[in-house]
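Below: the structure, in structure tokens.
Here, each number is a calculation from the coordinates, and none is a lab measurement. Just so it is clear, the structure is predicted and the values come from calculations on it, not from any experiment. Quick reminder, even Gly has a Cβ in these numbers, built from the backbone with ideal geometry, and neighbours come from all protein chains shown.
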Amino acid sequence: MSAPLMQVRDLTMDFAGLRALSSVDFDVAEGRITGIIGPNGAGKTTLFNLIAGRFRPTRGHIRFADCEIAGLRPNAICRMGISRTYQTVRPFPGLSVLDNVRVALLYGRRAGALSHAEIEHEVLETLDFVHLRPLADRLAERLIPLERKRLELARALATGPRLILLDELIAGLTPTETLEMMETIRAINERGITVLLIEHVMKAVMGLSHHVVVLHHGEKIAEGDPAAVAQHPDVIQAYLGARL
């Protein structure tokens, strides 16, 4: 079996005496979709913030492609091949959809390696992939919520990630939109991009994930394939409960 793309070991984060994460361990297999679930306040977004470099952990290790990344700056982590989306999308409102994606590409892993023509081709290809090319010239501030989510995803993809972190990308979507976004996430994975996602929509996380990690009060309480996790007694008590 090949080594995991990312390994998290003993990851712990304290905020002014409050422990948000405590000794969390898990692996992310390359080329797979790993889901992170748990109730509000479980530490899921803190975990993403540590992986993406917003915070330096109190202790522990995050190894990505055999390199320690815990404590590195976000720009360095991005250029190593990790990108993310945010729960609250924040595009550059005064820029067009196309320019938002162009900025992300110029900032990402392939910065300086592409010609002008290659940049323009990839920007348009990314917009095609997320179904936003007809809106390329529209200001980001004029997009509806679903379009903003798709733009958020396009910007993350434009950085050229090996691993993409999706933070509640499906939250707030209609059932039809949820199915469409699930298909887009599968298509991302089929392109060879490893996916780590946080999601409360259980139909989505169980339908997409090859492996699921469950957090509760900052601790990992279970992990495994989706079917096994859904039947784990600690998970049912702490999170799923009446949803099953």
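A simple packing score, the average count of other Cβ atoms within 10 Å per residue, orders the peptides 25-38, 132-145 as 25-38, 132-145, with the highest score first. Within the chain, DSSP assigns beta bridges of which about 55% are antiparallel (rounded to the nearest 5). When the chain is described by a simple charge dipole with +1 on each Lys and Arg Cβ and -1 on each Asp and Glu Cβ, the residue from Thr194, His116, Met181 located farthest towards its positive end is His116. For the range 70-130, a crude dipole built from +1 on the beta carbon of Lys and Arg and -1 on the beta carbon of Asp and Glu, taken about the Cα centre, is about 460 debye to the nearest 20. When each of the peptides 117-129, 76-88 is scored by the mean number of other C-beta atoms lying within 10 Å of its residues, the order from highest to lowest reads 76-88, 117-129.
Each principal axis of the Cα cloud of the chain was taken in turn, and the coordinate range along them, longest first, works out to 52, 40, 39 Å. Computed log10 I(q)/I(0) for the range 115-189 at 0.18 Å⁻¹: -0.75, from the Debye equation with unit scatterers placed on every C-alpha and solvent omitted. Take every Cα pair under 8 Å whose residues are at least 6 apart in sequence, average their separation, divide by the length of the range 107-244, and the relative contact order is 16 percent.
Loop-located trypsin sites (Lys or Arg not before Pro) in the range 163-244 (DSSP state not H, G, I, E or B) with no more than 11 neighbouring Cβ atoms inside 10 Å: Arg191.
Gyration tensor analysis over the Cα atoms of the range 108-244 returns equivalent ellipsoid semi-axes of 33, 17, 12 Å (largest first, whole Å).
Measuring between their Cα centroids, the range 135-170 and the range 61-134 lie 10 Å from each other.
Compared with the dominant principal axis of the Cα atoms in the chain, helix 175-190 is inclined by about 90°. Calculated mean residue ellipticity at 222 nm for the chain: -10000 deg cm²/dmol, from DSSP H runs with n ≥ 4 weighted as -39500 (n - 2.57), summed, divided by the residue count and rounded to 500. 3J(HN,Hα) along the range 204-217: 6, 5, 6, x, 9, 7, 8, 8, 10, 10, 10, 10, 8, 6 Hz, from the Karplus curve 6.51 cos²θ - 1.76 cosθ + 1.60 with θ = phi - 60°, whole Hz, x for Gly and Pro. Each Cα pair under 8 Å and six or more residues apart adds its separation to the average, and for the chain the resulting relative contact order is 26 percent.
Sequence-ordered 3J(HN,Hα) estimates for the range 157-174 from the Karplus curve with 6.51, -1.76 and 1.60 and θ = phi - 60° stand at 5, 5, 6, x, x, 8, 10, 10, 9, 10, 9, 6, 5, 8, 4, x, 8, 6 Hz, glycine and proline given as x. The phi-based Karplus calculation (6.51 cos²θ - 1.76 cosθ + 1.60; θ = phi - 60°) puts the 3J(HN,Hα) values of the range 28-34 at 10, 6, 5, x, 10, 10, 10 Hz, whole numbers, x for Gly and Pro.
The magnitude of the dipole of the range 133-244, with charges of +1 and -1 set on the Cβ of Lys/Arg and Asp/Glu and taken from the Cα centre, is near 340 debye.
For the chain, the dipole from Cβ point charges (+1 on Lys and Arg, -1 on Asp and Glu) about the Cα centre works out to 520 debye, to the nearest 20.
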